[in-house]
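Beneath this line is the structure, given in structure tokens, with notes to follow.
The values are calculated or read from the model by the stated rules, or taken from the named source; none is laboratory data. Since this is a predicted model, take the numbers as computed values, not measurements. Note: ideal-geometry Cβ built from the backbone for every residue, glycine included; neighbour counts use all protein chains shown.
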Amino acid sequence: MRTALLVAALALAAPPASAATVRYALLIGNNQGLADDLPLRFAQADAERLSRALVQLGGFPEENTTVLRDRSAPVVRSALLTVNERIRQAVSGGRNRAVLFVFFSGHADARDLHLSGTTMPVEELRKIVVGSSATVRVLVLDACRSGAATRTKGGRPGPGFAIKLDERLDNEGVAIITSSAATEDSQESDALQSSFFTHYLLSGLRGAADANADRRVSLAEAYAYAYGNTLRTTSRTLAGPQHPTYEYGIHGKGDLILTNLARVAGHGTLRFGAGGHFLVFQGGASGAVVAEVVTGQSPSHVLLPAGSYFVRKRAPDLLLEGSVTVTVGASRELREGELRRVSYAQLVRKGGGARALSQGPLLSYTLRGPIADGLGPLSGFELSYPLALAFLTVSPRLGYGLLGASNPYFSLSQHELSASVAAYRAFDLRRLSLFVGLATGWTLALQRFAALVPSPSRTSHLYFFGADAGLEAHLGRGLYLQLRGGPRAYVYRALGADEASRTTTVATYQVAAGLGWQIR
């Protein structure tokens, strides 16, 4: 119904074809807000990255693109009025038509922007943008409770919006986009080194939002991509879901093309297959995230400056990652076969992404050497639950084992229940992980005798410590094989020849082979 009403409303005639289009952008990034605001880390960087995308991919001239970093309200107000005056002169006499794009990233409340110890009413910013002589005015606010800018005009959270503009500007009006609703906090990500909303907006402008694969990204496509992925990602954060909002007041037809990927110098295209979630890092795995691509039923692509990149794909049970090179003017298709498989435990140890823990059960068959003459070896099973942290894996274990001994006069069966913990350091190779560590624990041994002369059952307590070394082979779907072994020292009370009880220490070994499953 909403689409039908919009289509009916967008029907005004185009201006003369001879009118040129000039584009202006003012981008404001303030890490510093008021005295009681915690400093932000990435607001300035977000403004700078967006300005580069608009210049490189969106046809905004550098001389018409201004970035303000941690400036006060009077400076921001003056810059807004200055760009409006430039636009007024450029469009006077009907010679040109203009696009004005204003972006703010920083602290705000429902009423004011917080600008380096000063405030500026959101409504004042809105009035300056709306009052511009530009034919089309776009205001993007990435700040806490920024949805108040659209609330008063009927803005609401939604999955997309039907602003229809194009480079011919057969239209006029205002579009206002905010990163969160009027009662929500906008959030930054240390892993992305950006705010969630601006990160996805930039990824969309590089091509991830190109839903119709025409090599052009419209305002509508960019918003829809940023909305869906911001909501999806922040739904898993402590602060909770963040709903970008919009307000439209556009008359005309066509699409406002924010970036045109078909005519950019010095760039190449990286293509991704359908049904994937990809992160693209500058240079290597420790570089900045430059794009995030979430593909549905059809493939997607991003336009990147020529150079080296590191790509990570999230699969249900593991990661696929590897290095790629983008060359000028070329289209590079990413194939899964050229990416190496990385288990989630390996990712935790590498410090990749926001994961701090990988865990899951491991069932092993164990074989322990003898601990007394004629007593051993002992075979059994062990259930453990390794917790893989960044620098150490801690593995609590429960075990059961059985051994037997006999001679012409009696037979003995010994059942052992054990509880232990191991801590080890893993070293990851391409398809294997090697580890070394220490283990300690307690064992309850129950001995039962069968003899010509009846003997009572006897229980013993044993304590042990030792070392472990081994390897893990990752099989996929979270499954892995583990082989390990090492020396053990058992300490227990035993009867001597004089029937006196003495503390005894015995050296032996234990080996194990198991199948584990890592839960993401």
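Observations on the model:
- Test: residue in the stretch 415-430 that is assigned to a loop (DSSP other than H, G, I, E, B), farther than 17 Å from TYR365 by Cα and of a type outside the set (Ser, Thr, Tyr): yes
- From the options SER203, SER186, residue that is at pLDDT 75 or above, outside any loop (DSSP other than H, G, I, E, B), surrounded by 21 or more Cβ atoms within 10 Å (Cβ to Cβ) and of a type in the set (Gly, Ala, Ser): SER203
- Positions within the stretch 189-200 being part of a strand (DSSP E or B) and modelled with pLDDT of 85 or more, in sequence order: SER194, SER195
- Filter result (closer than 17 Å to VAL328 by Cβ, in a loop (DSSP other than H, G, I, E, B) and of a type in the set (A, V, I, L, M)) within the stretch 259-313: LEU261, ALA262, VAL264, ALA265, ALA306
- Qualifying strands (runs of 3 or more DSSP E) (wholly inside the stretch 25-126; at least 2 residues being of a type in the set (Val, Ile, Thr)): 65-69, 96-105, 118-121
- Checking each residue in the stretch 267-311 for being touching a strand residue (DSSP E or B) at 6+ places or on another chain (Cβ under 7 Å), small (Gly, Ala, Ser) and closer than 20 Å to ARG232 by Cβ picks out GLY276, ALA291, SER300.
- Beta carbons closer than 9 Å, at least 6 apart along the sequence or on distinct chains, pair a first residue in the stretch 503-517 that is without any contact (Cβ under 8 Å) to a residue 24 or more places away in the chain with a second that is outside any strand (DSSP E or B) and not β-branched (Val, Ile, Thr) for THR504/GLY496; ALA507/GLY369.
- Restricting the stretch 34-49 to residues that are under 30 Å from SER133 (Cα atoms) and not acidic (Asp, Glu), the residue that is surrounded by the fewest Cβ atoms within 10 Å (Cβ to Cβ): ALA45
- Within the stretch 314-345, being part of a loop (DSSP other than H, G, I, E, B) and either acidic (Asp, Glu) or on the phi > 0 side of the Ramachandran plot (or both) holds for ASP317, GLY329.
- The set of residues in the stretch 1-34 that are farther than 21 Å from LEU258 by Cβ and at pLDDT 90 or above comprises ASN30, ASN31, GLN32, GLY33, LEU34.
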